[in-house]
Amino acid sequence: MTAPNPQSDTRLPAYLRLRDDIARRIAAGEWGPDDLLPSENKLSAQHALSVGTVRKAIQQLVDEGLLERRQGSGTFLRKPAFDATLFRFFQAREADGAPSIPSSRLISRTRVTAPTAVGAALGTEDVIRIERLRCLSEQPFLAETLYIPAARFPGFEAIPESEIGPLLYPVYLDRFGVFVARAEDEVRFGTADAATARRLGIAEGAPVALIERLAFAMSGEPVEWRIACGPADRFRYRSRIG
């Protein structure tokens, strides 16, 4: 029988305690995105719970987007929808209004000492700074600066640019086994400094929208800090309520 999670809250229903235990095991790296999870019958035996309780726990994780059921194959850790990444909530759209994933051009990748705020957010000063430019219809759209812990991404700065596409999260997973499970975004507005203005083709001091993101691995450890900067006149906010 699998040992219970010592941090499990016994006041919770059994299916939620099992849900938390499975999530803990996933965070510990027990299963990867292509690994078949134990069957409901096996989990039932391991935890001395009914199959119905196990099924409810698994369904909870499916509803939360962490697991997926594959017909005839079983239950697997769900691969993240990498086409979403930064634009899950902030969609990039072409001039005709169609959603699009911007192209990416790497400007630099350098191992540096993190700025104070970034080091505090990531829990380390030893980081790799990544600068890149995102474009829509070949027009500059976002200037990005990212920091990732050097210890979690050793050698990232030396990966050939041809092997890095417009999205970084697939590279994090495939090369370093870092699965980005969630992120916190904050939006504010400011003005373009000289370097940002030059990259975006706008005037220095022009208004810009700033999207700051802190991304976390499944373990809850912060693995990426980034700030994306784009012309404010191309930024739109839309909310649907009800």
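Bear in mind these aren't lab numbers, they're just calculated from the coordinates by the rules spelled out. In this text the structure is predicted, and so the values were computed from the model without any measurement. FYI the Cβ positions are ideal-geometry reconstructions off the backbone, even for glycines, and counts take in every protein chain you see.
Couple of notes before you dig in:
- The Cβ shell under 11 Å around TYR172 holds other residues with a net charge of 0, Lys and Arg each +1, Asp and Glu each -1.
- Backbone amide hydrogens, once placed in the peptide plane, bring PHE141 within less than 5 Å of ARG134, CYS135, LEU136, excluding anything fewer than 5 places away on its chain.
- With all pairs of different C-alpha atoms in the average, the Kirkwood value for the hydrodynamic radius of the range 14-77 is 11.6 Å.
- With a cut-off of 14 Å between beta carbons, the residues surrounding THR124 carry a summed charge of -1, where Lys and Arg count +1 and Asp and Glu -1.
- Cα-projected label distance for GLN59 with LEU16, points at 7 Å along beta-carbon direction, nm: 1.7 nm
- The HN-Hα couplings worked out from phi for the range 121-132 by the Karplus form 6.51 cos²θ - 1.76 cosθ + 1.60 (θ = phi - 60°) are 5, 8, x, 7, 9, 8, 9, 10, 9, 10, 10, 8 Hz, whole numbers, x standing for Gly and Pro.
- Residue order, fewest to most beta carbons within 10 Å, for THR191, THR10, THR196, THR53: THR10, THR191, THR53, THR196
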